[in-house]
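Here the structure comes first, spelled out in structure tokens, and everything after it is commentary.
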Amino acid sequence: MAKVIVTGGSGFLGHHLCKALIAEGHSVKNVDLKPNPDVETVIADICDSQKMLEVITDADTVFHLAALIEAGESVKFPQRFVDVNISGTVSVLEAMRQNGVKNFIFSSSAAVYGEPLHTPIKEDDRTLPINPYGMTKLAMEALVSSYVASYQMTGVGLRYFNLYGPEEHHEPESHAIPRFIHQIETGQEVTVWGSGEHQRDFIYITDVVDAHLQAIALCQNQPEKYHYFNLSTNRPTMVREVITMLEELLGKKANIHNFPNRPGDPLVLVADSSKATELLGWKAKVAIQEGLQKTVEYFRSLS
Ligand SMILES: NC(=O)c1ccc[n+]([C@@H]2O[C@H](COP(=O)([O-])OP(=O)(O)OC[C@H]3O[C@@H](n4cnc5c(N)ncnc54)[C@H](O)[C@@H]3O)[C@@H](O)[C@H]2O)c1
């Protein structure tokens, strides 16, 4: 069993990942600005490099999830995103280098691709971010690859597509599925950018968690390399199809309000994840209908 440190383990994905790591018998320490009552947590800012030197020690593997995540906010405050996502990652990597922690598994994003030239997107397709958030994720990948090559570390970058599931709470909530559930449930207008024909690759939280668990074995079997993977279902779903499924699950009609397309919002965003199947032995298992049902059950259990 591994000794692991999770950064951002109090967030949506981090919470699920910490629970799964503990269930698998790993020893887990979380580093976050916010508490997580389910796991030993050090309240600290990843940008505090002195603190990272003290905390990121005595471990085999770091799962680095902590980041600013809202692409729209990154357009307003690019410097903040550079500070947390890039400089914060440097301070975590530096602590690992100085303390001899070797394996770095981290959250990248579909945002590294920007507007794809074709779909489904493969890992070695063009990466050309169209917002500062995506730029920071691509810079993180370059940082990790340079640390791996320079300091005999092992890196795994996981590029998630549209992640969703129970316990998703962002402030503000810009992610489509929790926002749609709340808007349909409360009878508010359901805001849709464009006609609703945008297609996205919605991936369920437990599938993404599984890929992280499998990445531990990859670090052991193929060390001192930088590996990068799409985590996706390979199946596009239209936004309006998601709304129809949610209407059925919630037993309520959505009051849809269509707004103009947002610039830089590709019509189709779907990825090929066969590389993860081949090298990680991973495949998304949860179909959108099942994932939405579990997500609706969770949000209903709150009211
Ligand atoms: N949710 C998605 O759809 C999605 C898609 C692609 C990539 N990602 C990436 O996955 C990761 C996790 O996303 P999430 O949805 O769980 O986000 P989240 O906002 O729920 O969790 C992020 C966590 O990081 C912590 N954090 C932020 N800044 C910090 C700092 N300076 N120091 C310490 N902790 C800090 C926050 O307190 C939070 O608990 C992020 O890196 C995000 O960019 C998410």
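Quick note: the coordinates plus some simple rules give every number you see, no bench work behind them. Computed from a predicted structure; not experimentally measured. Heads up, the Cβs are rebuilt from the backbone with ideal geometry, glycines too, and the neighbour counts pull from every protein chain shown.
Each 10 Å bin from zero holds the following percent of Cα-Cα pairs in the stretch 153-301: 11, 37, 31, 15, 5, 0.
When DSSP beta bridges are restricted to pairs lying wholly in the stretch 110-253, around 20% turn out antiparallel.
Would you please report the Å³ per residue occupied by the convex hull of the alpha carbon atoms in the stretch 111-157? Show your work: numbers first, answer last.
On the way: hull volume 3.2 nm³, N = 47.
Cα-based convex hull of the stretch 111-157, divided per residue, equals 69 Å³.
Averaging 1/r over every pair of different alpha carbons in the stretch 2-56 and inverting the result gives a Kirkwood radius of 11.1 Å. Take the alpha carbon atoms of the stretch 272-303, find their center, do the same for the stretch 171-249, and report the distance between the two centers in whole angstrom. For the stretch 272-303 versus the stretch 171-249, the Cα centre distance is 8 Å. I want to make sure I understand the PRE zone here: with the label point 7 angstrom from the Cα of Ala149 toward its beta carbon, which residues in the stretch 73-93 have backbone N atoms less than 20 Å away? Under 20 Å, as judged by backbone N against the label point of Ala149, lie 86-87, 89-91, 93 of the stretch 73-93. Rg ratio for the stretch 65-182: its Cα radius of gyration over 2.2 N^0.38 Å, N being its residue count, equals 1.13. Working note: 222 nm ellipticity from helices only, DSSP H runs with n ≥ 4, each -39,500 (n - 2.57), summed and divided by the residues of the chain, gives -12000 deg cm²/dmol to the nearest 500. Report P(r) for the chain: all Cα-Cα distances, bin width 10 Å, range 0 to the bin holding the largest distance, values in whole percent. Here the calculated profile for the chain is 6, 28, 36, 22, 7, 1.
Counting DSSP beta bridges with both partners in the chain, what percentage is antiparallel, nearest 5? Before the final figure, lay out the partial values.
Working: 2 of 43 bridges.
For the chain, the DSSP antiparallel bridge percentage is about 5.
The mean of 1/r over all pairs of different alpha-carbon atoms in the stretch 1-146, once inverted, gives a Kirkwood hydrodynamic radius of 15.7 Å. Beyond 17 Å, how much of the Cα-Cα pair distribution for the stretch 130-206 remains, as a whole percent? Percentage above 17 Å: 64. In summary, the lysines within cross-link reach of Lys29, defined as a Cα separation below 26 angstrom excluding same-chain residues under 8 places away, comprise Lys3, Lys19, Lys51, Lys102, Lys137, Lys225. Taking the dipole about the Cα centre of the stretch 125-256, with the C-beta of Lys and Arg at +1 and of Asp and Glu at -1, give me whichever of Gln183, Val239, Tyr160 is farthest to the positive side. Positive-most Cα among the choices belongs to Tyr160. Rounded to the nearest 0.05, the FRET efficiency derived from the C-beta distance between Leu33 and Gln222 at R0 = 35 Å is 0.60.
Which of rounded, prolate, oblate describes the stretch 224-303, given a ≥ b ≥ c as roots of the alpha-carbon gyration tensor eigenvalues and a/c under 1.5 marking rounded, otherwise prolate only if a/b is larger than b/c? Show your work: numbers first, answer last.
On the way: a/c = 2.74, a/b = 1.54, b/c = 1.78.
Note, shape of the stretch 224-303 comes out oblate.
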